[in-house]
Amino acid sequence: MNSPRKPSVLFVYYSHTQQSLRVAEAMAGVLRGRGCDVSLAGIEFTDPHYARKFGSFPFRHAVFDLLTVLPAQTRRATGQIRVPEAAREGDYDLVCFGSPTWFFTTNMPLRSYLKSAEAGKVLAGKRFAAYVVCRRYWSINLKEVRKLATAQGGVYTDSTRFQFAGGQIRSLLSLLSYFGKGEMRKRSLGVKIPPTNLKPDFAGQAEAFAHKLADSLDGALAAAGGMSMSDQTTELG
């Protein structure tokens, strides 16, 4: 008897400080436990106009290096990227996009992928979800991801956000300090700042969202006449 096909999930993410990757890994653990085959594909930002500044961490000059992408972000421009093999083509049951917000909206590396021919091959007729790691601004980012992925033939499923600690000003100071020093500091410019990046409880939020996606994927497969993930785990019991 042939073994039932496992549902397949692809995470496509861009992450300069690895925060988006940490979320993807937490979610992937849940989905694998639910019986899915999971692939992770990190987009590399190789555009020659920005690669020198974004090719290492921390930044040499955090504020000035970040500002180099502002004009392109304002124009919703695309740039050169390197796309992992897993995200070039494949018959996935769910694609999940993850990335930080750059200047209020979707960052250039992920936007470049979403407008690419490779994304069209992966997304056509497939379900997709998205998450954002951010200080404050997430809604415009998620709306753009949804719009671009839908234009490539994808079917929107769900989205969520992972916000950093602190208010508007202090969280910005904290993030810029981390970008420039590569470490957490307690003060910046004489101001007490909170820890930046993902909050300590992010894993629980990521796992809950992953279970929600698994439930929806399970239901979609059953509605399509396929075997659900729970059925697959008991098929040979």
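Applied to the stretch 21-29, the Karplus parametrisation 6.51 cos²θ - 1.76 cosθ + 1.60 on θ = phi - 60° returns per-residue 3J(HN,Hα) values of 5, 4, 5, 4, 5, 5, 5, 4, x Hz, with x for Gly and Pro. What percent antiparallel are the DSSP beta bridges of the chain, to the nearest 5? Bridges in the chain are about 20 percent antiparallel. Would you mind getting me the FRET efficiency between residue 181 and residue 140? Use the beta-carbon distance for r and R0 = 22 Å, nearest 0.05. FRET efficiency, residue 181 to residue 140: 0.15.
Provide the net charge surrounding residue 180, with neighbours chosen by a C-beta distance below 14 Å and charges set as Lys +1, Arg +1, Asp -1, Glu -1. Could the numbers behind the result be given before it?
Details: positive: 53, 60, 181, 185, 187; negative: 65, 183.
Residues near residue 180 contribute +3 overall.
When the helices of the chain are scored as -39500 (n - 2.57) per DSSP H run of n ≥ 4 and the total is divided over every residue, the value at 222 nm lands at -12000 deg cm²/dmol.
To the nearest 20 debye, what charge dipole does the stretch 18-118 have about its Cα centre, counting +1 at the Cβ of each Lys and Arg and -1 at the Cβ of each Asp and Glu? Mind dumping the intermediate values first?
On the way: 12 positive and 10 negative charges, 96 e Å.
About 460 debye.
Listed options for Rg and Dmax of the Cα atoms in Å are (1) 18.8, 65; (2) 16.9, 52; (3) 18.7, 68. The value calculated from this structure is the one marked (3). A cut-off of 5 Å between modelled amide H atoms, ignoring neighbours fewer than 5 places along the same chain, links residue 128 with 95, 155, 156, 157.
Tilt of helix 139-151 relative to the longest C-alpha principal axis of the chain, in degrees (0 to 90, nearest 10)? With both axes taken from Cα atoms, the answer is about 40 degrees.
Mind checking the angle between helix 168-181 and the chain's longest principal axis? C-alpha axes, 0 to 90 degrees, to the nearest 10. Its long axis makes an angle of about 90 degrees. For the peptides 182-188, 204-210, the ranking by mean Cβ contacts within 10 Å, running from highest to lowest, is 204-210, 182-188. Helix 202-223: angle to the longest alpha-carbon principal axis of the chain, degrees 0 to 90, nearest 10? The angle comes out near 30 degrees.
Only the coordinates and a few stated rules stand behind these numbers; no lab work does. The structure presented is a predicted model; accordingly, all values stated were derived computationally and were not measured. Heads up, the Cβs are rebuilt from the backbone with ideal geometry, glycines too, and the neighbour counts pull from every protein chain shown.
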